[in-house]
Amino acid sequence: MNATSLPLISSFIIRFVLDETASQPTYHGTIRHIQTAEEINFTEWHEATEFMHRFVLLDELQLPTSLEAESKPKQIPPLNS
């Protein structure tokens, strides 16, 4: 980086929420781009990465094809009280 160029910074806040229902707990979330204050809700990780791709290149965050099946939501066991 030379002295005249400034780094490009994109910051995000990601909130994950666990909905614990009797039948099947699921995750959803919200992602916010700090510099623009744009925010979306998501129910699948690819929605969050597509949102981030609008601001930065994130090829390294994409799951390899062989891992896509493993990344499907799994049933979450209930927490013991």
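Any read-out appearing in this document is the output of simple, stated calculations on the displayed coordinates, not a laboratory observation. Note that the coordinates shown come from a computational prediction; the quantities given were computed from them, not determined experimentally. FYI the Cβ positions are ideal-geometry reconstructions off the backbone, even for glycines, and counts take in every protein chain you see.
Observations on the structure shown:
- Ranked packing of 32-38, 4-10, 45-51, 15-21, most packed first, by mean Cβ within 10 Å: 45-51, 32-38, 15-21, 4-10
- Computed from label points 7 Å out along Cα-Cβ, the spacing between residue 53 and residue 36 is 1.5 nm.
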